[in-house]
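Have a look at the structure below, then the notes.
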Amino acid sequence: MRLFALLSAAVATLLPAWAAADQSALRSQVRWQELAAIDSLITEGECDIAVAGARELARQVEARQGPRYVGLAEIHAAIGRAFRRQSRFDDAIVALGQALELWQHNLGEVSAPTLFTLRDLAAVHREAGRLDEARQLAERAKDRVERLPPHEPLEAGILVELARVIIAQQKDADAEHLLVRALALQDEFLGAAHADAVETARLLIELHERRRQPDKAARLRGRLSAETSPDTAARCILVVTALRLVADIHRAGGDLRTPVELVRHGLAVTEQEFGPDDPNTAVMRDVVADTEAAARGAPPAGPAAGPAQQGAGP
């Protein structure tokens, strides 16, 4: 599969599951491919690269559209997710707070992106051990999502986060009905095999076991299928594509040094996964050579290389 097709196919899982209108509005204002690339790097643990790319993208967007531009909200949210992945909770709260303020200013208190960010803020506070703040944020999100037109997957996610906070407060009995409701919504609207439904089922199994409810736990455990191993080659391809897109962000801002570092890193990733003699690796060597030449102000070495035919060259 070609890299661009892989990245496009991943966008649905990398970007928040908002209403179609919300996604369409955002894509018309911010380059969604770059946002998907940043999120894929966060997923794969390349958080420093993701933050640097997101900040440069935010600088470019703000210069064109101004500091109150709605498209900046998702960029700040991505920065918050990267900091959360690194357990840099204070930094994550600042970035997510910026996203929340922009969503509220542009879309109002009751909108899917606003509530999605409220949920993420609650999760960061929970992970930082600030349970009172986390519960206030999660309950605020729950109250508002009930006023939103039907948006069941988002509602389920908020219920799960509130349940996690309540469990952290050692109030398992109060969390059970929230998880049962969330799982019912996820089963109906996402399917029992969806990753969110599987995670909720596991959380509910753990709760049943702690509450000494083995029959309930056993019924849920029967629905879980064995996990398959990840396709490391596909993940490698996605990372390399994301690195090249983030390199383009820096290049658009006039930075020619950072793109060289990023494509060199992409070459190392490709060599490790595919080997030094694979056509995918050869394509990346050409990309590195052209990027280095551009940084020196020299003409490219040759025509742009295309993806390898037998697999998914970058």
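The values are calculated or read from the model by the stated rules, or taken from the named source; none is laboratory data. Being a predicted model, the structure only gives us computed values, none of them experimental. For neighbour counting, all protein chains shown are included, and Cβ atoms are generated from backbone atoms with ideal geometry for every residue, glycine included.
One table, with the values for the structure above:
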quantity: Test: residue in region 265-279 that is touching a Gly at 6+ places or on another chain (Cβ under 7 Å), assigned to a helix (DSSP H, G or I) and not aromatic (Phe, Trp, Tyr); calculated: yes
quantity: Members of region 127-137 found to be in contact with a Leu (Cβ under 9 Å, 6 or more places away or on another chain) and either surrounded by fewer than 24 Cβ atoms within 10 Å (Cβ to Cβ) or among the charged types (D, E, K, R) (or both), listed by number; calculated: GLU133, ARG135
quantity: Failed criterion for PRO149 (all others in (1) at pLDDT below 95; (2) assigned to a helix (DSSP H, G or I); (3) over 21 Å from LEU207 (Cα atoms) hold); calculated: (2)
quantity: Residue satisfying all of: in region 154-173; without any contact (Cβ under 8 Å) to a residue 40 or more places away in the chain and surrounded by fewer than 19 Cβ atoms within 10 Å (Cβ to Cβ); nearest to the chain's Cα centre (by Cα) among these; calculated: GLN169
quantity: Pair list, Cβ under 8 Å, 6 or more apart: region 127-153 residue in contact (Cβ under 8 Å) with a residue 60 or more places away in the chain, other residue in a loop (DSSP other than H, G, I, E, B); calculated: HIS151/ALA19; PRO153/ALA17; PRO153/LEU190
quantity: Candidate set: region 81-120, residues that are of a type in the set (Val, Ile, Thr) and in contact with a helix residue (DSSP H, G or I) (Cβ under 6 Å, 6 or more places away or on another chain); chosen: the one nearest to ALA138 (Cα to Cα); calculated: THR117
quantity: Condition broken by ALA99, with the remaining ones in (1) within 25 Å of ILE167 (Cα to Cα); (2) among the small types (Gly, Ala, Ser); (3) without any contact (Cβ under 8 Å) to a residue 40 or more places away in the chain satisfied; calculated: (1)
quantity: Single residue of region 174-211 satisfying the filter (without any contact (Cβ under 8 Å) to a residue 12 or more places away in the chain and of a type in the set (Gly, Ala, Ser)) that is surrounded by the most Cβ atoms within 10 Å (Cβ to Cβ); calculated: ALA184
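A quick yes/no check of all residues on (1) of a type in the set (Lys, Arg); (2) under 24 Å from THR43 (Cβ atoms):
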site: ALA195; (1), (2): no, yes
site: VAL198; (1), (2): no, yes
site: HIS208; (1), (2): no, no
site: ARG223; (1), (2): yes, no
site: ARG235; (1), (2): yes, yes
site: ASP248; (1), (2): no, yes
site: PRO259; (1), (2): no, yes
site: VAL287; (1), (2): no, yes
